[in-house]
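Taking it in order: structure first as structure tokens, then the write-up.
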Amino acid sequence: MINYFMRRYAMSEKGAKNLKKAILSRTLLNLTKLCPPFIAFVFIGQYLESDYGLSLNLATYISCIAVMFVLMFLVARFNYRHLYINVYEESANSRIEMANRLKKLPLSYFDKHSASDLATSMMSDIGTYEEIFSHAVPHIYATALSTCLIFLMLFLYNWRLAVSAIWVIPVSLLFFNLSKFLRTKANDSFVKNNRQVIDVMQENIEQIQEIKAYSFEKERADQFSNVVNSNTKAKINAEMASGATLSIAVMLLRLGIVSVALVGANLLQEKQVDMFTYVIFLVMTASIYLPVQNILSFMGMIDMLDSVVKRIKEIKTLPIQEGSQSLEVQNYDIEFNHVVFGYEDYSVINDVSFLAKQGEVTALIGPSGSGKTTLAKLAARFWDIQQGKILLGGVDIHQVDPEVLLKNFSIVFQDVILFNTSIKENIKIGKKGATDEEIWQAAKVARCTEFIEELPEGIDTVIGENGQKLSGGERQRISIARAILKDAPIILLDEATASLDVENESLIQAALSDLVKEKTVLIIAHRLRTIRNADKIILLQEGKVVASGTDKELMASSEDYRQMLEASLS
């Protein structure tokens, strides 16, 4: 049962065990609810002097009622703990587990899923998961179990009346299950449309500058209105599909009362049952159908849960990047050995081989889309290759945990990402526990001090989301300062000076010259004049190495290089 719950609902082992306890406690709670009508029947039987009545005095009745309330309270308290509290703990643990798993997934996963989609899975989906689990899943199993036990007792009491009451339940459940396809399809459509609403809303917020600049407000507003309307229709369809099938199933269920009334009346007429038994069955049947009706309602919620669990399972079962927690190398040479990499529908890197030696600067050049940035990210294991090997100091990086591997990399990408905190904290990311003096020195080397000193709070100035209060060049320099502070043995520079003017570019180049000594350096640049002094230049076209060597060697042997250089200098 534990393994079934783990597979069915994407639960942890602890969560599955707690669900089992919640079902048992809920079943016990359902059975304790029979105590009041049982005492009432005993009293009525005694009052009517029925053969089934027990002879009890008033003190005994009061004592039974007191014990009944205490028992119901204790069971309800036990059930509440194992149902609600544990569900909330499980949902919190699921969020943490998903977050930990997401950071171990290759970047290719995030290329296929937007931030809003992932945020919806982390927050909204888990919230739905939490609500349905606390109000539906344990109740379904517990009600089914307790209802079976009650009908067993009724069957032993009078099998004819029991059969007349129970036959409608499988018929009702069968009808509801046969209509599951329609409900699932409607729920999947709603979940999909709901994500689309969030995607469009987030995109509009992120691109508000471009929308305003090109007077695109009406078109984007119309687009958002259309997806909201589609989502509303999908929600209505989902509610209608669930509501209509539920109503029909409940109508079928109510036929049981008619069945019991007719069969009971016939048995009463034939004197096979007495009036007391007849009344007991009418009352019990009516009360038992209510929890069965709740099961049907909960099953409608389970349909929505299935759509949510599908997304949670996807994240929890995706293969993550793992590897050794230690890395021992003789040097920091990076070797690409017949590397092949691509996405589902096209290839990006095709049989690339080269060696980037420690203590040398290796430059990757080529037209846009030739695979320069991809190679740099593959070296840091942001993605995993399909064929070949990438070796760091002779060690296959595929065998090393990405977090362990990345401790050896200082990276400056063209698309700078900064956090909504102070300049100091943004630079400090490069080295946890860095002193103020070390942070300031890194900022100084990266030529950040000139604009930091002009800010109202200096290096403690909060720069806004992704550094929106700074210029592109200033953001780039903070990113470089972060890499300088980390001082890792491998440096990856992807258009590190692309946002700088000529004067600052020269200053940064001087700073980087000190940074890269005795390190393995991979540089990507469109401005070829910035890499002409590199120890090795790799020319890429369509994901293949077409030429390699020093500037002098390529000038003599590669027409493509000469043309690129002339175009860059013109």
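Every number here is computed from the coordinates shown, using simple stated rules; none is lab data. Computed from a predicted model, the values in this text were never measured in an experiment. So basically every Cβ, Gly included, is an ideal-geometry build from the backbone, and we count neighbours across all protein chains shown.
Beyond 25 Å, what percent of the Cα pairs of the stretch 156-264 remain? Tail fraction, whole percent: 51.
For the chain, relative contact order (Cα pairs under 8 Å, six or more residues apart, normalised by length) works out to 13 percent.
For the stretch 334-569, the Cα gyration tensor yields ellipsoid semi-axes of 31, 21, 16 Å (square root of five times each eigenvalue, largest first, whole Å). Projecting the Cα atoms of LEU74, HIS398, TYR332 onto the dipole axis of the chain, where Lys and Arg carry +1 and Asp and Glu carry -1 at the beta carbon, places LEU74 farthest toward the positive end. Charged side chains reduced to their Cβ positions (Lys and Arg at +1, Asp and Glu at -1) give the chain a dipole of some 2240 debye around its Cα centre. Separation of the alpha carbons by more than 18 angstrom is noted, of LYS192/LYS313; LYS432/LYS469; LYS372/LYS544; LYS21/LYS180; LYS218/LYS469, for LYS432/LYS469; LYS21/LYS180; LYS218/LYS469.
Shape class for the chain: prolate, because the ratio a/c of the largest to smallest gyration tensor axis (alpha-carbon atoms, square roots of eigenvalues) is 1.5 or more and a/b beats b/c.
Counted over the stretch 334-569, the DSSP beta bridges are approximately 55% antiparallel.
Of the peptides 329-336, 216-223, the ranking by mean beta-carbon count within 10 Å, highest at the top, reads 329-336, 216-223. Close amide-amide hydrogen proximity is noted between VAL521 and GLY359, GLU360, THR362, ILE491, each under 5 Å apart and 5 or more residues distant or on a separate chain (H modeled in the peptide plane; Pro and chain starts excluded). Within the chain, antiparallel bridges make up roughly 50 percent of the DSSP beta bridges whose residues both belong there. The modelled label-to-label distance between LEU149 and ASN226, using points 7 Å beyond Cα along the C-beta direction, is 5.7 nm. Taken as entire DSSP H runs, the helices of the chain that both span 20 Å or more between Cα atoms along their own long axis and average 0.5 or more on the Kyte-Doolittle scale are 58-80, 137-157, 275-317. Of the trypsin sites (Lys or Arg not before Pro) found in the stretch 254-334, those in coil by DSSP whose Cβ has at most 12 other Cβ atoms within 10 Å are LYS271.
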